[in-house]
Amino acid sequence: MNLMPRNAFGPLELVNLPSELNGSVGNNRAVGGRPQISAQNDVDAVRAWLARFVDTRTTFDSYRKEAERLLLWTVTELGKPLSSLSHEDLLLYRRFLSDPQPVARWVMAKGRKWPRNDPGWRPFSGPLSASSQRQAIVILNTMFAWLVNAGYLAGNPLSLSRQRQRRSKPRITRFLDEPTWVEVKASIESMPNETDREREHYFRVRWLFSLLYLCGLRITEVTTNTMGCFFSRRDRNGDDLWWLEVTGKGEKTRIVPATNELMMELVRYRREYALAPYQDVDLIDLPASVRTLRLI
């Protein structure tokens, strides 16, 4: 068995593998084709795959973590390159995820997360739950499939894994029925609003609940979009219809109809701050106490 040098164990960006472990001659390397990436070793191939996700930090960090763990495990525990892994090797790896051993090598001390450039860094903070194990395998399957498509690997060692058929789940629609929504509004109406502080809180709560309920927005969409996202268009009958353009998850933009009830609440909220009801609806109009709250 090839043993990896001690200084080769670390975060992906610091890994330096010897030629017999870096995958340049891995058993599963594609031969005779036309590779679509220039990587000549496993680390560079993994980096090429990860480069697709650099604009989405959470996805990049999650994918890098799983690729990094597998790479370090295969060269350390099996003494073979990532590009030599077999289906049986991946079955062993999945069992390893539930109990990373030896602990001193794989698990961070004292249950805390150390910075990636710290000597105390380890690939794991503890054993993975069953759901985390499944997620790790899903990510790795995605990586292997991409490396096959890129012409770097000859085959995907995870493609033989048993695929559990997903049972269709009944569609669950979560909403407040009309009587409940009336109760919510009645509860808000009963809030004290005598002092300036009470009035500010009252109108803020009233607007926030209206915005969330009537538009079905995510919390992040409420906090990252501005009042300048409201716009109107005239219909065939000459009536103004209001809409809210929201940029949400994945930087995707969608248009949400703004009902008459919502626009009445918007007018009420803006008048509380002595602002025009509709014209120039924008973040810059709001006073300092509200400016950082975006739509709310």
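We did not get these values from a lab; they are worked out from the coordinates using the rules stated. All values reported here derive from a predicted model rather than from experimental measurement. Reconstructed Cβ throughout: ideal geometry from the backbone, glycine too, with neighbour counts over all protein chains shown.
Both radii are taken from the alpha-carbon atoms of the stretch 6-149; with Rh as the Kirkwood radius, Rg/Rh is 0.94. The peptide list 21-30, 237-246, 137-146, put in order of mean Cβ contacts within 10 Å with the highest first, becomes 21-30, 137-146, 237-246. Residues considered: 35, 157, 115. Largest GNM mean-square fluctuation over the chain, using C-alpha springs under 10 Å, is found at 115. Using only side-chain charges placed at the Cβ, +1 for Lys and Arg and -1 for Asp and Glu, the dipole size of the stretch 6-149 relative to its Cα centre rounds to 360 debye. Since only 192, 147, 208 are under comparison, the one whose Cα sits farthest along the positive direction of the charge dipole of the chain, derived from C-beta charges on Lys, Arg, Asp and Glu, is 147.
The alpha carbon convex hull volume per residue for the chain rounds to 233 Å³. Each principal axis of the Cα cloud of the stretch 178-291 was taken in turn, and the coordinate range along them, longest first, works out to 42, 36, 35 Å.
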